[in-house]
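Q: Can you read through this structure? Questions will come right after.
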Amino acid sequence: MMDMLVVGGGYVGLSAAVAVKQAAPHLEIAVIEAAPKEAWKRDGRASAIIAAAAQMLEVLGVWDTILPEAQPITRMIITDSKVSDPVRPVFLTFDGAVADGKPFAHMVPNVVMVGALLEQAARLGIEIRNGVSATSFRSGDTNVALGLSDGSTMEARLLVACDGVRSKLRDMAGIKTVSWDYGQSGIVTTVEHERPHEGTAEEHFLPAGPFATLPLKGNRSSLVWTERTDDANRLVAANDLVFEEELERRFGHKLGTLKVVGDRRAFPLGLTLARAFVAPRFALAGDAAHGIHPISGQGLNLGFKDVAALAETIVEADRLGLDIGSLNTLERYETWRRFDTFRMGVTTDVLNRLFSNDFGPIRAVRDIGLGLVDRLPGLKSYFIGQAAGTSQGGNPRLLEGQAI
């Protein structure tokens with residue numbers, strides 16, 4: 001029997017397994033991933049990793065592998081306009097450094113991050129089972145039995161579901177969610193441009209939703225382009241000429257000629273919050289516990305915060321001789337994470353509703369608010385610290401750069 005089973009072999013699931021195994025090497029851990037063994041290498045997306053999450057990845061022994069391919073975000077610019085506006089005024093700028101001089105975030109290709117975590121998992125002796133999915137599970141007094149699609153069963157003291165926003169395990173556990181659809185989709189792709197971005201990220205608030213350009217290594221940027229779902233589907237299906245013409249209208253010409261170099265895909269956007277994060281011998285982490293709008297760039301980082309809190313909860317319980325899968329143990333993790341998750345979900349929901357419209361009076365109020373923040377250095381520093389995850393009290397030790 002295993003000590004911990006993790007379902008979901010993405011960055012959240014792998015980092016959870018690595019964090020626990022590194023701090024408690026005697027625990028037997030396995031990761032179950034439905035995708036084939038090499039499927040992760042086809043992921044062309046990139047993610048923003050905040051400073052606190054980077055500190056955690058450094059403690060886990062993977063940041064040195066990731067860093068050569070990570071692009072620091074040295075500056076953030078926020079604008080508010082219509083697509084047709086000839087001038088796009090800047091209302092708010094942030095220097096991308098936190099107190100110790102480090103950037104508040106890096107852009108990291110997903111393949112680099114997953115590859116580094118897989119290598120570390122192998123070094124630690126974590127079992128990875130690819131190509132099988134969870135079909136059922138049953139919790140008992142001392143263990144949980146997980147049924148797999150190949151007909152086998154695995155048992156463990158604790159099952160951790162990191163299987164995404166449409167988590168099947170969450171449904172099997174009978175955990176309900178609060179959720180709604182925004183009627184928007186996020187178009188994700190990568191572009192090359194003629195001139196360097198100099199580490200600057202930009203978020204343009206447009207009537208259909210935010211259009212974010214995030215710097216990558218070289219003269220490349222990752223796009224997260226929010227549109228109404230029908231328009232997003234039309235754009236993704238359009239030919240290259242139409243897509244790049246619409247892209248240039250939003251991106252502008254400040255970085256010269258643009259060329260789309262990555263696959264373009266559209267992901268429906270909504271808010272999903274689990275009503276509970278734990279059940280007997282069962283815990284949710286990452287998108288399985290919460291799916292939020294990408295307007296703040298915090299979705300993946302919320303998952304890393306889950307990992308840090310869950311790993312600390314499990315390891316400390318084990319050191320005290322407690323049952324790592326008991327509800328009493330897991331409730332500490334739930335208490336630690338639910339308020340922060342709820343707060344971030346509400347924040348992104350309000351921001352999306354406030355900025356994804358073209359109602360004149362609301363536009364005037366939000367632009368005045370952005371301008372005021374831009375003129376108050378203390379408030380700007382506070383927001384940077386919050387975004388970087390470095391100014392939040394009660395952080396788990398991994399997010400502070402400390403071993404468990």
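The values are calculated or read from the model by the stated rules, or taken from the named source; none is laboratory data. The structure presented is a predicted model; accordingly, all values stated were derived computationally and were not measured. No Cβ is skipped: glycine too gets one built from the backbone with ideal geometry, and neighbour counts run over all protein chains shown.
Q: Just checking: which of the strands (runs of 3 or more DSSP E) contained wholly in the range 193-257 hold 2 or more residues that are closer than 21 Å to Pro109 by Cβ and of a type in the set (S, T, N, Q)?
A: Strands (runs of 3 or more DSSP E) meeting the threshold: 220-228.
Residues checked against (1) more than 18 Å from Ala311 (Cα to Cα); (2) touching a Leu at 6+ places or on another chain (Cβ under 8 Å); (3) not hydrophobic (A, V, I, L, M, F, W, C):
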{"site": "Leu117", "(1), (2), (3)": "no, yes, no"}
{"site": "Gly125", "(1), (2), (3)": "no, no, yes"}
{"site": "Gly131", "(1), (2), (3)": "yes, no, yes"}
{"site": "Ala134", "(1), (2), (3)": "yes, yes, no"}
{"site": "Gly140", "(1), (2), (3)": "yes, no, yes"}
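Q: Looking only at the range 159-197, count how many residues are touching an Asp or Glu at 6+ places or on another chain (Cβ under 7 Å) and under 21 Å from Leu330 (Cα atoms).
A: 3
Q: Ok, one more. Evaluate the following for Gly101: is it part of a loop (DSSP other than H, G, I, E, B), at positive phi, within 24 Å of the chain's Cα centre (by Cα) and free of Cβ contacts under 8 Å to residues at least 40 places away in the same chain?
A: yes
Q: Can you name the condition, by its number, that Tyr333 falls short on among (1) aromatic (Phe, Trp, Tyr); (2) surrounded by 22 or more Cβ atoms within 10 Å (Cβ to Cβ); (3) modelled with pLDDT under 95?
A: (3)
Q: Before we move on, is Leu354 surrounded by fewer than 17 Cβ atoms within 10 Å (Cβ to Cβ), over 18 Å from Gly8 (Cβ atoms) and not aromatic (Phe, Trp, Tyr)?
A: So Leu354 passes the test.
Q: Let me ask something else about it. Taking the range 287-311, which residues are out of contact with any His (no Cβ under 7 Å at 6 or more places or on another chain), within 30 Å of Thr79 (Cα to Cα) and assigned to a helix (DSSP H, G or I)?
A: Within the range 287-311, Asp287, Pro294, Ile295, Ser296, Gly299, Leu300, Asn301, Gly303, Phe304, Lys305 qualify.
Q: Got at least one residue in the range 249-272 being under 30 Å from Ala156 (Cα atoms), touching a residue at least 24 places away in the same chain (Cβ under 8 Å) and either buried (at least 17 other Cβ atoms within 10 Å of the Cβ) or over 19 Å from the mean Cα position of the chain (by Cα) (or both)?
A: Within the range 249-272, one or more residues are under 30 Å from Ala156 (Cα atoms), touching a residue at least 24 places away in the same chain (Cβ under 8 Å) and either buried (at least 17 other Cβ atoms within 10 Å of the Cβ) or over 19 Å from the mean Cα position of the chain (by Cα) (or both).
Q: For the range 265-286, enumerate the residues that are among the hydrophobic types (A, V, I, L, M, F, W, C) and assigned to a loop (DSSP other than H, G, I, E, B).
A: Hits for the range 265-286 are Ala276, Phe277, Ala285.
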